[in-house]
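Here is the structure we will look at, set down as structure tokens.
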Amino acid sequence: MDQHFYEPRLGHGLPHDPFKAIIAPRPIGWISSMDPDGRVNLAPYSYFNGFGSAPPVVAFGSEGRKDSVRNIEATGEFVCNFVTRELAEAMNQSCAPLPHGMSEFEHAGLEAAPCRLVRPPRVAASPAALECRVLQVVSPKDLDGREIGTHIVLGQVVGVHINRAFLKDGIFDTKAARPIGRCGYRGDYAEIGEMFEMIRPNFP
């Protein structure tokens, strides 16, 4: 099988870096946070996922110490809002480089809804939102011991909001919610398509 191989430290030798296109689709962590003065920030992060269920843990990676990371380090709280096809344009608007202190909620035309256990608000129109308290902020170094500028925020989910319209027989209807994922390169996204069931086997 003909393979293109490269070492990232030496360059990929392609017109565009394929890394983000390979790690795809990536669910989007639409993170709302609040600074100590009560100013709210809303930003999407495609380096995001769940990393455990008992207790539930989520994490997102920020390339650079952006407002979300600074707010979370200062307050210890954030909310992860579920991103749907219907909310895709608003999500995209929320990542615009707005002046410091300007509301992404207002810029994207989004209504904020209060949370129960944490101070930052959630996106009212989102089918689900996870209230989180920070467990750890990790700033890894590369193999040579140098800071790489990426900050990984791990949070424990302490509260879950679900729009009842997306609960069918007690099960969250992922397909009906129409989640989107990031697929790499400049503006590539995907909406979830057909789903199939495959039960984990037992052995023997």
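Structure values in brief
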| read-out | value |
| --- | --- |
| Residue selected from segment 49-78 under the condition without any contact (Cβ under 8 Å) to a residue 60 or more places away in the chain and assigned to a strand (DSSP E or B), by the criterion most open to solvent (accessible area, probe 1.4 Å) | S53 |
| Any hit, segment 167-179, residues being in contact (Cβ under 8 Å) with a residue 12 or more places away in the chain, in contact with a Ser or Thr (Cβ under 7 Å, 6 or more places away or on another chain) and either aromatic (F, W, Y) or open to solvent by 50 Å² or more (accessible area, probe 1.4 Å) (or both) | yes |
| Residue selected from segment 128-155 under the condition acidic (D, E) and more than 14 Å from the chain's Cα centre (by Cα), by the criterion surrounded by the fewest Cβ atoms within 10 Å (Cβ to Cβ) | D144 |
| Hits in segment 16-28 (condition: open to solvent by less than 80 Å² (accessible area, probe 1.4 Å) and either in a helix (DSSP H, G or I) or in contact with a helix residue (DSSP H, G or I) (Cβ under 6 Å, 6 or more places away or on another chain) (or both)) | A21 |
| Condition check for G149: of a type in the set (G, A, S) and touching a Gly at 6+ places or on another chain (Cβ under 9 Å) | yes |
| G13 being more than 13 Å from the chain's Cα centre (by Cα), of a type in the set (G, A, S), modelled with pLDDT under 95 and loosely packed, with under 10 Cβ neighbours inside 10 Å | no |
| Search result, residues across segment 46-73 that are closer than 16 Å to S32 by Cβ and in contact with a Ser or Thr (Cβ under 7 Å, 6 or more places away or on another chain) | S62, S68, V69, N71, I72 |
| Any chance V138 is β-branched (V, I, T), without any contact (Cβ under 8 Å) to a residue 60 or more places away in the chain and closer than 23 Å to G76 by Cα | yes |
| Verdict on A113 being more than 22 Å from V57 (Cα to Cα) and surrounded by 11 or more Cβ atoms within 10 Å (Cβ to Cβ) | yes |
| Odd one out for E86, checked against (1) free of Cβ contacts under 8 Å to residues at least 60 places away in the same chain; (2) open to solvent by 50 Å² or more (accessible area, probe 1.4 Å) | (1) |
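The values are calculated or read from the model by the stated rules, or taken from the named source; none is laboratory data. Bear in mind that the values here come from a model prediction, so they are computed numbers and not experimental data. Heads up, the Cβs are rebuilt from the backbone with ideal geometry, glycines too, and the neighbour counts pull from every protein chain shown. The area values use the complete protein model at the heavy-atom level, side chains included, leaving out ligands, DNA and RNA. Shrake-Rupley method; radii C 1.70, N 1.55, O 1.52, S 1.80 Å.
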